[in-house]
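Here is the structure we will look at.
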Amino acid sequence: MATERRMIEPFTDGQVRRSEAGAPIISYGLSSYGYDLRVSNEFKVFTNVFNTVVDPKAFDPQSFVDMVTDICVVPPNSFALARSVEYFRIPRDVLTVCVGKSTYARCGIIVNVTPFEPEWEGHVTLEISNTTPLPARIYANEGLAQVVFFSATEVCETSYADRGGKYLGQTGITVPRL
């Protein structure tokens, strides 16, 4: 279904556990009942340098530092935004839930992603929390979260696209919108 409907681009039809050079990596690609997405090399790491208040109704870009890097270090007890390498197109009869991979979870890294609703599409904005008192590394172009797909017995009455969802078609790291 994923390839016929172009649900995931680029799509990897199996688990990748080693880099092209043969080094072990945090796996990504098709899994038993889902898809392990990769985190891109674009990050927004939150900072308190400017003493800004995080406000979802008036988000201040000074709340974070933009980075393009192969390894992002998230400060202790801090937070970063990133995006998936993959672009998703969710059919009208599918809903997804996305959860963090156990390799990161066992290091105190929590990945939060809201569900991909029917007919949502875009790069996934990934919320990464470092719950530890130590700096934590996030590896770009490796697995970060698993998407689990739920197929409905009938199509939804009103899809995300029908509602004109504000995050439809996002292509980068998308900060809060009203």
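Just so it is clear, none of the values below were taken in a lab; they were calculated from the coordinates. What you see is a predicted model; the values in this text were computed from it and never measured. In this analysis, Cβ positions are derived from the backbone assuming ideal geometry, glycine residues included, and neighbour counts consider all displayed protein chains.
Observations on the structure shown:
- Stretching ALA23 away from ARG137 to a fully extended chain increases their span by 39.4 nm, per 0.36 nm per residue minus the current alpha-carbon distance.
- Simple spin-label estimate for ALA2 and THR47 in nanometres, 7 Å along Cα-Cβ: 3.6 nm
- Cβ crowding within 10 Å averaged over residues, with 24-31, 48-55, 137-144 ranked highest first: 137-144, 24-31, 48-55
- Here's the picture: a label point sits 7 Å out from the Cα of LEU30 along the beta-carbon direction, and within the range 120-158 the residues with their amide nitrogen under 20 Å of it are 142-152.
- Counting 0.36 nm for each residue step from VAL65 to THR153 and taking away their Cα separation leaves a gain of 27.3 nm.
- Where labels lie 7 Å past Cα in the beta-carbon direction, separation of CYS107 and ASP162 in nm: 4.2 nm
- In a simple Cβ point-charge model (Lys, Arg +1; Asp, Glu -1; nothing else charged), the range 1-83 has a dipole of about 140 debye relative to its Cα centre.
- For LYS57, the lysines whose Cα falls under 26 Å of its own Cα, not counting residues fewer than eight places away in the same chain, are LYS44, LYS166.
- Using the Cβ of GLY165 as centre and a radius below 14 Å, the other residues enclosed give a net charge of +1, where K and R count +1 and D and E count -1.
- Here the peptides 38-44, 147-153 are ranked by packing, the mean other Cβ count within 10 Å, and the order with the highest first is 38-44, 147-153.
- Only Cα pairs under 8 Å and 6+ residues apart enter the sum, and on that basis the relative contact order of the chain stands at 27 percent.
- Unit Cα scatterers, Debye sum, the chain: log10 I(q)/I(0) for q = 0.08, 0.16 Å⁻¹: -0.26, -0.99
- Ranking ASN51, THR125, GLY100 by how far each Cα lies toward the positive end of the dipole of the chain (charges on Cβ) leaves ASN51 at the top.
- The charge dipole of the range 96-169, taken about its Cα centre with unit charges on the Cβ of Lys, Arg, Asp and Glu (plus for the first two, minus for the last two), comes to roughly 500 debye.
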